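A.B. asks: Quick one: the structure is below, questions incoming.
The values are calculated or read from the model by the stated rules, or taken from the named source; none is laboratory data. The model shown is predicted, which means the values in this text are computed figures rather than measured ones. Note that each Cβ is placed from the backbone with ideal geometry, even for glycine, and that neighbours are counted across all protein chains shown. Areas reflect the complete protein model, heavy atoms only, side chains present, ligands, DNA and RNA absent. Shrake-Rupley method; radii C 1.70, N 1.55, O 1.52, S 1.80 Å.
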Amino acid sequence: VVFTAPHNSDGLTYHLARVAYYLQHNNLNSFDADYWAQVIHPKNPTLLLLYTYLVSGRNENLTQLVQFISYWVAICAVYGISRKAGNSKTGSLFAAMISALLTEWLMQATTVQNDIITTAYFGSIVYFLFAFREKHERKYLVLTALGIGLAIGTKTATILSMLPVALIVLYSLFQSRARLQSQLNNLAVFAAGTLLAVCIFALPSGYLENYRIYGN
């Protein structure tokens, strides 16, 4: 990744184009462009690219470092989820290594795409839900909510991916041996945390601005 400059079509046509525009104009204001993706996509991943580019001394080869880190976070998440699901260390490590060799993951790790970032977020979300089911500590619900807010603030398509996550939420929060009141309290904490995370990390990333400008 250190020797590879951003190169794929999506990165060149709108991810990096937005970074360049924000740098040139010294603000994050909405702007008109011939390509719709430059205009309406959430800004959080663009800010990550912008941050990485600046803190690396404007080194374009390190711009996609966030994606490379996300690749390893996703691998660790697979291992953690497998362990929480009851598999052995060897089996979990095998599952993680298989994930590390997936062609899509390897290709995404050296681009400025959003998909590997959302993969890391969803891996963290599922891991924290399983951790809550095991330890019943509400900090894991807060971390899950944080992951949901960041994922939605990174890519709009993640909203559809929240449907299977909802099933894991129900599996983790509602257990047959727990008291109903305790389960409802946990659900309330999770719902409040998710709403707060969406308001802080998702809505300001472009959803509110798109609604203000385009009405949807």
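A.B. asks: Over all distinct alpha-carbon pairs, what is the Kirkwood Rh of region 1-101 in angstrom?
C.D. replies: Evaluated on region 1-101, it is 15.6 Å.
A.B. asks: Could you report the chain's accessible area per residue, 1.4 Å probe, as an integer in Å²?
C.D. replies: Ligands and nucleic acids excluded, the figure is 55 Å² per residue.
A.B. asks: Taking each pair of different alpha-carbon atoms in region 58-183 once, compute 1/r for the pair, average those values, and report the inverse of that mean as the Kirkwood hydrodynamic radius in Å to one decimal.
C.D. replies: By the Kirkwood definition, the hydrodynamic radius is 15.5 Å.
A.B. asks: Please determine, in degrees from 0 to 90 and to the nearest 10, the orientation of helix 115-135 with respect to the longest principal axis defined by the Cα atoms of the chain, where the helix direction is its Cα long axis.
C.D. replies: The angle comes out at about 20 degrees.
A.B. asks: Now a separate question. Roughly how tilted is helix 139-152, in degrees to the nearest 10 and between 0 and 90, from the longest Cα axis of the chain?
C.D. replies: The angle comes out at about 30 degrees.
A.B. asks: Looking at region 1-105, which chymotrypsin sites (Phe, Trp or Tyr not before Pro) are in a loop (DSSP not H, G, I, E or B) and have at most 15 other Cβ atoms within 10 Å?
C.D. replies: Sparse-neighbourhood loop chymotrypsin sites (Phe, Trp or Tyr not before Pro): 3, 31, 35.
A.B. asks: For the chain, what is the largest minus smallest coordinate of the Cα atoms on each principal axis, given in angstrom and ordered from greatest to least?
C.D. replies: Result, largest extent first: 58, 43, 26 Å.
A.B. asks: Multiplying the sequence separation of residue 183 and residue 25 by 0.36 nm and subtracting their Cα-Cα distance, what value in nm do you get?
C.D. replies: That pair, residue 183 and residue 25, stretches by 51.9 nm at full extension.
A.B. asks: While we're looking at this one, here's another question. So what is the 222 nm mean residue ellipticity for the chain from helices alone, if each DSSP H run of at least 4 adds -39500 (n - 2.57) and you divide by all residues, rounding to the nearest 500 deg cm²/dmol?
C.D. replies: It comes out at -21000 deg cm²/dmol, rounded to the nearest 500.
A.B. asks: What order do you get for 122-128, 96-102 when each peptide is scored by the mean count of other beta carbon atoms within 10 Å, highest first?
C.D. replies: For the peptides 122-128, 96-102, the packing ranking is 122-128, 96-102.
A.B. asks: Hey, another quick one. Considering the options 74, 17, 126, tell which one lies farthest towards the positive end of the dipole of the chain, charges being +1 on Lys and Arg and -1 on Asp and Glu at the Cβ, about the Cα centre.
C.D. replies: 126
A.B. asks: What angle do you read, to the nearest 10 degrees and between 0 and 90, between the alpha-carbon axis of helix 158-173 and the longest principal axis of the chain?
C.D. replies: The answer is roughly 20 degrees.
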